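Single-structure report; data block below.
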Amino acid sequence: HAPGYGPLPTSIQTIIANRNAGPGFDVLTPEQQFGVSTRNNFRILDANLSYHLWGHEISAGKSEMWWGPNKGGSFLWSTNAEPIYMFRINRVEPLYIPFLSRIIGPIRYDNYFGDLKGHIDPNQPWVFGNKVSIHPFKDLELGFSRSCEFAGKGYSPLTFGTFWNCFISGGDFLQAGQRKYDVGDRRGNFDFRWRLPFLQKTVTLYTDSLADDDPSPLANPRRSGWAPGI
């Protein structure tokens, strides 16, 4: 919703017209002369169609996501911007894998694929992300996630090949930035939450981190951003 406003008073229009008079100048704009009417444009902000299947929530639409333990901000994905149209597969129930879960605990994962309509250069690229969380101990959660922007109008087409090159890429390439070899803009993330011993109900130590064009902040901590808190 955008409220309208009326035209400028006649006395103000006269002053502007006199001062702007001359070749190459617009005397008065239509908004100054006639005002602007009220506008109401319908736009979906957060809505999706979902189906629960075998512990997964499979959805299509616009969904809010918050991939980080911080309450004040999340590095890789947050609600800072309007949700995008995406296809999402989210494991909403803990997954127990025989033998493996005895070491790393229950597992959760979240995956999405969509497009960035507001992105300009390249125009409307595609983006996907994956997040895996493990619980090796009852009071400790470790999260590993990544995202990649690739393709786009006038840059490179969306094909399985461009998607696969971005999906399997793990770090920098010498040809990065050249359209023919560019696999996409990649970001890696690591976070954890630890409810401290004897203070599990009151104190939690957490950290969120982000690496650009590296597989994970753990692979290159000095070049990564870190946001710890307690």
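Being small (Gly, Ala, Ser) and open to solvent by 30 Å² or more (accessible area, probe 1.4 Å) is the filter here; which residues of segment 91-129 pass it?
Hit for segment 91-129 is Gly118, nothing else.
Can you name the residue in segment 165-208 that is modelled with pLDDT under 90 and among the hydroxyl-bearing types (Ser, Thr, Tyr) and, of all such residues, is farthest from Asn70 (Cα to Cα)?
Tyr181
What do you reckon, is Arg88 at pLDDT 90 or above and basic (Lys, Arg)?
When the stated conditions are applied, Arg88 passes them.
Taking Ile120 and the conditions (1) under 30 Å from Gln200 (Cβ atoms); (2) among the β-branched types (Val, Ile, Thr); (3) in a loop (DSSP other than H, G, I, E, B), which numbered condition does it fall short on, given that it satisfies the others?
Only one criterion is unmet by Ile120, namely (1).
Consider only pairs whose beta carbons are under 7 Å apart and that are at least six residues apart or on different chains; among these, list those whose first residue lies in segment 158-169 and is closer than 17 Å to Leu116 by Cβ and whose second residue is open to solvent by 40 Å² or more (accessible area, probe 1.4 Å) and modelled with pLDDT of 85 or more.
Listed by first residue and then by second, the contacts come to Leu158/Trp126.
Between residues in segment 74-96 that are touching a residue at least 24 places away in the same chain (Cβ under 8 Å) and on the phi < 0 side of the Ramachandran plot and residues that are of a type in the set (Lys, Arg) and part of a loop (DSSP other than H, G, I, E, B), which pairs lie under 8 Å by C-beta distance while being six or more apart or on different chains?
Ile84/Lys117; Tyr85/Lys117
In segment 44-62, what count of residues is obtained for those that are without any contact (Cβ under 8 Å) to a residue 24 or more places away in the chain and within 19 Å of the chain's Cα centre (by Cα)?
The number of residues fulfilling the criteria is 2.
Answer with yes or no whether Ser224 is open to solvent by less than 40 Å² (accessible area, probe 1.4 Å), at pLDDT 90 or above and over 26 Å from Pro94 (Cβ atoms).
Yes.
Among the residues in segment 78-85, are any over 29 Å from Ser224 (Cβ atoms) and open to solvent by 50 Å² or more (accessible area, probe 1.4 Å)?
Yes, segment 78-85 has at least one match.
Restricted to segment 41-51, and to residues that are out of contact with any Gly (no Cβ under 9 Å at 6 or more places or on another chain) and more than 12 Å from Arg88 (Cα to Cα), which residue is least open to solvent (accessible area, probe 1.4 Å)?
Leu45
Is it fair to say Val132 is open to solvent by less than 30 Å² (accessible area, probe 1.4 Å), part of a strand (DSSP E or B) and within 20 Å of Arg186 (Cα to Cα)?
no
Which numbered condition in (1) open to solvent by 50 Å² or more (accessible area, probe 1.4 Å); (2) hydrophobic (A, V, I, L, M, F, W, C); (3) out of contact with any Ser or Thr (no Cβ under 6 Å at 6 or more places or on another chain) is the only one that Trp66 fails?
The number of the failed condition is (3).
The values are calculated or read from the model by the stated rules, or taken from the named source; none is laboratory data. Computed from a prediction, not measured in an experiment: that's the story for all the values here. Using ideal geometry, Cβ is built from the backbone for each residue, glycine included, and neighbour counts are taken over all protein chains shown. Please note that ligands, DNA and RNA were not included when accessible areas were found on the heavy atoms of the full protein model with its side chains. Shrake-Rupley method; radii C 1.70, N 1.55, O 1.52, S 1.80 Å.
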